[in-house]
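Where a number appears in this text, it was derived from the coordinates with a stated rule and is not lab data. All of these numbers come straight from a predicted model, not from anything done at the bench. Methodologically, a virtual Cβ is constructed for each residue, glycine included, from the backbone with ideal geometry; neighbour enumeration extends over all protein chains shown.
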Amino acid sequence: MPIPRSKRGPSSTSSHPDRSRARSWICGRCPTTKQPACCSASTSIIRHATRGIMRLDIVNIRRDTAALCEIGNRFVGSDGERQARDYIFARMRELDLQSVRKDMFEVATYRPLNAKCTLVGAAAPALDCVGLQFMGSDRVEAEAVLIGELSDTADLDAICRHLPPVRGRIAVIKTSYPYLFVDDLTERGALGIVMLGDAPDGYCRNLNAMMYPALVERPNGAHHRIAGVTLSEQSSTMLLAHIAAGGRLRLEHQAEYPIVETGNVIGELPGSDVGEVVVGAHYDTQLDGVGASDNALGIACLLEMMRQLGEHDLRRRVVAVAFADEEAGFRGSADYVQRYGARLAETVGMVNLDALAWAPAQRSLHADPSIMEFAAETAEAAGWLIENRADASLFPGSDHNPFIDAGVPAAFFWRNPPTHPYYHTRGDSLDRIDFQIAVDTASAAAAVVKRLANDPTLPFDRSQPTRRWIDLRP
């Protein structure tokens, strides 16, 4: 939902004496020759723009990560989320960041009341499950149709051609992205959704049936009408055997969607000229656990990055944002780009820190095409050799997506594929973080932020998304 003009943040008007000259730096043109900057900067230029940045301090990162985990669960609207917001605010002030503030807004959050999946007629009918978030409140009993594993929307059409009709049945699926398929299954007449789980140690994975951009377009009331749950791995095995024997399922899900207040925490480092860089990380968690890697660690790396950047002169302002409510559709980052639309014309780039340190996992860079080569060559010059690249505009992955959709070039460095066994479970704990991997990943991201802040010419201006999920351009 667009933020009313009266609630928008300050505009980016500047008293710089030569506005067009300053703007030419942002657009990637030399302010003297007016010629486009080279799209592939030499290593010496990269080192000049990033010089002086140290590897991030593992002790500081470990301390802030532990402090946020000690607060506990930080699901949107919870007391833990409020405590984390206050902690980050205090830490930004300790770092002497400027204009430290909380930008508050309201969203509808998921509050589970009941989730059950029963094997009708079985000797041990009760299954371990949690609610599939943003599903409706309903109770149904029906035959099941096993659709199986889904990774792309095209899979569903191909698979359903060879199965009994979905209409009037409970659809059983396995995917890390249920929000891509629930609308389609509802239109096909499914009475409910059961997600097969693969998390170890008896954990049930917390997943959303609705995500970006739907929850940005309808922040105060969007949810599906049919019931849905996610099972543990052991319960999934029991369910599959029951379906193979022709058994029926009884499915129940009850939830409320109260309106709660949440907010981003923002602090800035000044620049000597116009233009700014945004670097962000989300501080909320899913419903269970402390979210150590996803994403207390990202906040700790953000704070340490700003501490080190504060020791250097910067050409452009660097804005640190601790985003609220990433887990329910990137609503904190969407609020930022809507609230500060007037500043986005001078925002040269955004770097997102999220899920930095699961191992084993490939060193991955997700970016929109405009900034991909710039971010890759800068990270690799800093010693972070990229193993996987992806066009971030093709998939709604994290808080970088609203920036891309708002026209801001954005890059996302991560080491946490969604198939990791403890993703979105209580198993995402402090003892499972590899802090050396975190330092390596965040230091590469810091090199990109430093170059965005200091390079006088940049080889891009606006984002060039292959797909724009929602038009958030001011």
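Can you tell me the convex hull volume per residue for region 111-256, based on C-alpha atoms, in Å³ to the nearest whole number? Walk me through the numbers before you get to the answer.
Details: hull volume 14.8 nm³, N = 146.
Dividing the Cα hull volume of region 111-256 by its residues yields 101 Å³.
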Q. What fraction, in whole percent, of alpha-carbon pairs in region 130-206 exceed 19 Å separation?
A. 32 percent
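Any chance you could list the semi-axes, whole Å, largest first, of the equivalent ellipsoid that the Cα gyration tensor gives for region 187-263, using √(5λ)?
Working: eigenvalues 160, 54, 22 Å².
Square roots of five times the eigenvalues give 28, 16, 11 Å.
How high is the relative contact order of the chain? Use alpha-carbon pairs under 8 Å, at least six apart in sequence, and give a whole percent. Spell out each step's value before the answer.
On the way: 1144 pairs, mean separation 107.7, N = 474.
Value for the chain: 23 percent.
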Q. Gain in length, ALA222 to ASP57, computed as 0.36 nm per residue apart minus the alpha-carbon separation, to one decimal in nm?
A. 55.2 nm
Q.
Residues of region 111-129 with backbone nitrogen within less than 20 Å of a virtual label 7 Å along the Cα-to-Cβ line of ALA245, please, listed as ranges.
A. 117-129
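Please state the shape class of region 305-377: rounded when a/c is under 1.5, otherwise prolate if a/b exceeds b/c and oblate if not, all from the C-alpha gyration tensor. Each step should come with its number before you reach the end.
Details: a/c = 1.42, a/b = 1.12, b/c = 1.26.
In terms of gyration-tensor shape, rounded.
Taking a ≥ b ≥ c as the square roots of the eigenvalues of the Cα gyration tensor of region 268-420, is the shape rounded (a/c under 1.5), prolate (a/b larger than b/c) or oblate?
Working: a/c = 1.36, a/b = 1.22, b/c = 1.12.
In terms of gyration-tensor shape, rounded.
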Q) What is the diffusion coefficient of the chain in µm²/s, taking the Kirkwood radius over Cα pairs and the Stokes-Einstein relation at 37 °C with a viscosity of 0.692 mPa s? A) 143 µm²/s
Q: Compute the FRET efficiency between ARG167 and ALA390 as 1/(1 + (r/R0)^6), taking r as their Cβ-Cβ distance and R0 = 45 Å, and round to the nearest 0.05.
A: 0.80
(Q) Report for region 111-256 the percent antiparallel among DSSP-assigned beta bridges with both residues inside it, nearest 5. (A) 55 percent
